[in-house]
1. State all residues of the range 208-261 that are within 13 Å of the ligand (Cβ to nearest atom), out of contact with any Ser or Thr (no Cβ under 9 Å at 6 or more places or on another chain) and of a type in the set (Lys, Arg); if no residue qualifies, say none.
2. Somewhere in the range 344-362, is a residue without any contact (Cβ under 8 Å) to a residue 40 or more places away in the chain and either within 30 Å of VAL290 (Cβ to Cβ) or surrounded by 18 or more Cβ atoms within 10 Å (Cβ to Cβ) (or both)?
3. What number of residues in the range 246-272 are in a strand (DSSP E or B) and closer than 14 Å to ARG222 by Cβ?
4. Tally up the residues in the range 358-397 that are at positive phi and modelled with pLDDT of 95 or more, please.
5. Restricted to the range 27-68, and to residues that are out of contact with any strand residue (DSSP E or B) (no Cβ under 9 Å at 6 or more places or on another chain), of a type in the set (S, T, N, Q) and not in a helix (DSSP H, G or I), which residue is nearest to LYS114 (Cα to Cα)?
6. Is the range 176-185 home to any residue that is in the same structural domain as LYS134 (by TED's automatic domain parsing), of a type in the set (Phe, Trp, Tyr), more than 16 Å from the ligand (Cβ to nearest atom) and in contact with a helix residue (DSSP H, G or I) (Cβ under 9 Å, 6 or more places away or on another chain)?
7. Can you tell me which residue within the range 76-99, out of those that are under 16 Å from the mean Cα position of the chain (by Cα) and over 20 Å from VAL382 (Cβ atoms), is surrounded by the fewest Cβ atoms within 10 Å (Cβ to Cβ)?
8. Here is a list of conditions, (1) within 16 Å of the ligand (Cβ to nearest atom); (2) touching a strand residue (DSSP E or B) at 6+ places or on another chain (Cβ under 6 Å); (3) not aliphatic (A, V, I, L, M), and GLY329 meets all of them except one; can you say which number that is?
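The values are calculated or read from the model by the stated rules, or taken from the named source; none is laboratory data. Predicted model, so just to flag it, every value in this text is computed and none were measured. So basically every Cβ, Gly included, is an ideal-geometry build from the backbone, and we count neighbours across all protein chains shown.
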Amino acid sequence: MAEVILTADRTLMSNYHNNEFLGFGTCAPPNFIPEWLYSYLFFPPLKTKSGHPKQAPYGLRKTEAQLLKEGFHVETVSPKYLGKYLPNAKVLGIHTMDPFGLGPASTTLASIFKKEPYLAKHFQSLLTSPAIKKAKQNGLKVIVGGPGAWQFRYREKAVHDLGIDCVVEGEAENIIGKIFKAAIEGEPILSHYEVGIGEAPTLEEIPDIVSPSVNGLVELGRGCCRGCQFCNVTLRPLRWYPLEKINRELSVNIAAGYTGTCIHAEDVMLYGSNNTTPNDEKLLALHELVTKKVTGLSWSHCSVAAVASKPKLLAKLSELILQNQTWWGAEVGIETGSSEIAKKIMPAKAHPFSADNWHDVVVEGMGVMHDNMLAPACTLIVGLPEEQESDVLKTMELVDDLKDMRSLIVPLFFVPLGKLKSEDWFTDTQLSEVHKQLLIACAEHDFHWIDNLLDLSFTGKWYSQISKEFYKGFSAIAKRKVRQIE
Ligand code: SF4
């Protein structure tokens, strides 16, 4: 049995029915759907073999790969089987995305429903589970990391209350081995370790995953050059993986029988580019490689500006992708319809165009996506610092101009991150009448498109038809509830 066990709570140990977008369901609080049914619909547990999940979150797989590279005896285990593995372990590493529900999507939903979201509930119930409590009494050390580690800066007491020995924040490849070694040997470790920019790994220092990731996700690179003030990612250096590395990670998932992938970057359209102009040659080579190897592909994120700047390139990529599927998805940050706000807090988000034309850049980029069957889940930020009523009205105009474009538009309350981390949080008590109208306009947009997106998402197998009807039923109930509020 291993000295190091890695895990994540059950909202992360799921493949969301092979649809990353359904993972957004973990941000919602318990609601009108019974918990057992909601959990099945949005985050069914992964299959396991002797307690080992057949897939695991990509970030957890990277930690696993790094620790294996350094010679640790590591096993990744489903949270349900910790009782079997922890009695022999010295350290438990836990991956987290949103441990207290402070991420933008969960804060927004928690404010509206006035309840703690599922992901926070499951993170905390994992940490307080009898298996972990018992192992803690026997000296187990608990180390928590992942994209949600920043939230512990706002919940310092929870580190102690939940029995956590160390929180690791940032890209940890170069320091994680030292921390786990110190924990195993009983040496003192910091309760919160923030990885400095100088400690971030170079491309050569980032190991390949050695076991399959959830939904075949593979990274294309790290960092972003757009510098939006509300974003943590922008503080990291930009690095793109060579095709050989991406190919090796795809092969790990394919060897385990997974035929789909989600390629992950802050802007997939900028793969291989060191500025805000897409590199045709690199993007085409990437998609030729990926579409030959897998039969289903999605993008994690892309920008409207990059798409609007190269419509012919997107058409060529679409041709490659649609050989195997009828559409594909990506998350897209629109954030605002106001050029004034765009100029202040995200001037480079419109590059190579000017932020003065942000509204038109968004409409143009979204139109190109619609024509090429790229269906985005778009985010808007509500309550940005210095936002005026006129800015919110401009965002409503933009939402109206996007009504014919296949997409979801999700309004999120402002969360102070990145260069704006000392600003105030936005809460539901600050929601003005125009904010409420904006939220309703987004809900109406989404209800207009949801059935079309479900039809595209659930095709083929007979059980897909049944699942589709379930989600349509859920959407119809949600629609009725929202219209009652209106
Ligand atoms: S484009 Fe996205 S990832 Fe890049 S800085 Fe802006 S919000 Fe962050």
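1. The answer is ARG222, ARG236.
2. yes
3. Residues of the range 246-272 that are in a strand (DSSP E or B), as a first pass: 260-264.
Next, from what is left, pick out any that are closer than 14 Å to ARG222 by Cβ: 263-264.
Residues in the range 246-272 being in a strand (DSSP E or B) and closer than 14 Å to ARG222 by Cβ: 2 in total.
4. Keep residues of the range 358-397 that are at positive phi, which gives 373, 383, 386.
Subset that is modelled with pLDDT of 95 or more: 373.
So the count comes out to 1.
5. ASN31
6. Going residue by residue through the range 176-185, those that are in the same structural domain as LYS134 (by TED's automatic domain parsing) are 176-185.
Of the ones still in play, those that are also of a type in the set (Phe, Trp, Tyr) are 180.
Those still in the list that are more than 16 Å from the ligand (Cβ to nearest atom) too: 180.
Going one step further and asking which of them are in contact with a helix residue (DSSP H, G or I) (Cβ under 9 Å, 6 or more places away or on another chain), we end up with 180.
Checking the range 176-185: at least one residue is in the same structural domain as LYS134 (by TED's automatic domain parsing), of a type in the set (Phe, Trp, Tyr), more than 16 Å from the ligand (Cβ to nearest atom) and in contact with a helix residue (DSSP H, G or I) (Cβ under 9 Å, 6 or more places away or on another chain).
7. The first filter runs over the range 76-99 and keeps only residues under 16 Å from the mean Cα position of the chain (by Cα), leaving 95-99.
Now drop any that are not over 20 Å from VAL382 (Cβ atoms), which leaves 95-97, 99.
On the way: HIS95: 26, THR96: 27, MET97: 22, PRO99: 28.
Checking each candidate, the answer is MET97.
8. Of (1) within 16 Å of the ligand (Cβ to nearest atom); (2) touching a strand residue (DSSP E or B) at 6+ places or on another chain (Cβ under 6 Å); (3) not aliphatic (A, V, I, L, M), only one is false for GLY329: (1).
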